[in-house]
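Take a look at the structure below.
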Amino acid sequence: MQGSTLTRLVYVGGYGRSGSTLLEYLLAASADVVACGEVVLAAKRKDIPRCSCGQTRETCSFWSRLLTPERPPGSWTHEGLMLALLDDCRDRFAVLVDSSKTARGSFLTPFAFRRRLGDDFKLIHLVREPHGVCWSRRSGKRVSDVENSPRRFARYVRTVAGWLAANMACEAFGQRYPNQYMRVRYEDLASAPEETLRTIFERLHLGPAPRLDNLKASGNRHQLFGNRVRLHAPGPSEIRHDARWRNEMAAPDRMLISALSWPLRRRYGY
Ligand SMILES: [Zn+2]
């Protein structure tokens, strides 16, 4: 799979709850890019939710070409489905985005995909402040319920351990292949989306950066998995940096997360 006329893969690595659905959504403001959500889940899960284009996977013009009754979801490997997607996208899209990330089970995926695709593979390492990640994982629970739960400290430890591992996996790739790697902070993306996108398109040679007034008109988003941003399609003025943890998280909770995540947090300027 080498050559400039083929579809290139941009893989979004990092930990969950870091804004990958938003990043994909913004990248797909370019008509040359197709956003596919977490391809690893489309390959391995049998319960497939509605696509971000509004269709089911049986009626979606993108997924129904591959996830057929003969090859249903759950019967693919991640790499097998990704290669089939790239082949299916040739002549239609210059760039395919897979935001399967680098959490447990996917630490080495960027290395494996790079071995298959060579220079046609790029990794965007998406990072978010660990306090924001932990707070986002409270899954709609009320602030008072979180504060009264004695189990929350164990949950923070697990989350920060996962955050460290997922980010270290991307760091290792960046050390080995610096020209195919770029680190992006969720906070910069959400606060200055147009400027951050411009930097990404330039740095990874993805073609001209899109203007965000094209956002909603785009018909190239087929995210089966991801957070609710994928179904809502916010306009440019609705994109905001979610930093509610700064006001809502208790001091002992913050201190624990700060202490656990200290070395990498400093590296990322948090
Ligand atoms: Zn679709």
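The values are calculated or read from the model by the stated rules, or taken from the named source; none is laboratory data. Owing to the predicted nature of the structure, the values given are computational and were not obtained by experimental measurement. Reconstructed Cβ throughout: ideal geometry from the backbone, glycine too, with neighbour counts over all protein chains shown. Accessible surface areas use protein heavy atoms only, side chains included; no ligands, DNA or RNA. Shrake-Rupley method; radii C 1.70, N 1.55, O 1.52, S 1.80 Å.
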Consider residue 183 against the criteria (1) away from the ligand (no atom under 16 Å from the Cβ); (2) over 15 Å from residue 12 (Cβ atoms); (3) touching a residue at least 40 places away in the same chain (Cβ under 8 Å); (4) open to solvent by 40 Å² or more (accessible area, probe 1.4 Å): it satisfies all of them except one. Which criterion is unmet? (2)
If you scan the range 241-270, which residues turn out to be among the hydrophobic types (A, V, I, L, M, F, W, C) and part of a helix (DSSP H, G or I)? 245, 251, 255, 256, 257, 259, 260, 262, 264
Answer yes or no as to whether residue 104 is within 16 Å of the ligand (Cβ to nearest atom) and open to solvent by 20 Å² or more (accessible area, probe 1.4 Å). no
For residues that are outside any helix (DSSP H, G or I) and surrounded by fewer than 18 Cβ atoms within 10 Å (Cβ to Cβ), scanning just the range 227-240, find the one that is farthest from the chain's Cα centre (by Cα). 235
When the range 36-71 is checked residue by residue, the ones that are more than 10 Å from the ligand (Cβ to nearest atom) and not in a loop (DSSP other than H, G, I, E, B) are 39, 40, 41, 42, 43, 44, 65
Suppose we filter 224, 206 for residues that are surrounded by 20 or more Cβ atoms within 10 Å (Cβ to Cβ), in a loop (DSSP other than H, G, I, E, B) and touching a Cys at 6+ places or on another chain (Cβ under 7 Å); which single one remains? 224
When the residues of the range 18-35 are filtered to those that are open to solvent by less than 40 Å² (accessible area, probe 1.4 Å) and not in a helix (DSSP H, G or I), which remaining residue is farthest from the ligand (Cβ to nearest atom)? 18
Of the listed residues (146, 127, 160, 97), the one being under 28 Å from residue 264 (Cβ atoms), modelled with pLDDT under 95 and either of a type in the set (Val, Ile, Thr) or surrounded by 15 or more Cβ atoms within 10 Å (Cβ to Cβ) (or both) is 146
The range 30-75: number of residues that are of a type in the set (D, E, K, R) and out of contact with any helix residue (DSSP H, G or I) (no Cβ under 9 Å at 6 or more places or on another chain): 5
Is at least one residue of the range 78-92 open to solvent by 10 Å² or more (accessible area, probe 1.4 Å) and closer than 29 Å to residue 185 by Cβ? yes
Let me spell it out: the conditions are (1) farther than 23 Å from residue 67 by Cα; (2) under 15 Å from the mean Cα position of the chain (by Cα); (3) within 16 Å of the ligand (Cβ to nearest atom), and residue 223 meets all of them except one. Which number is the exception? (1)
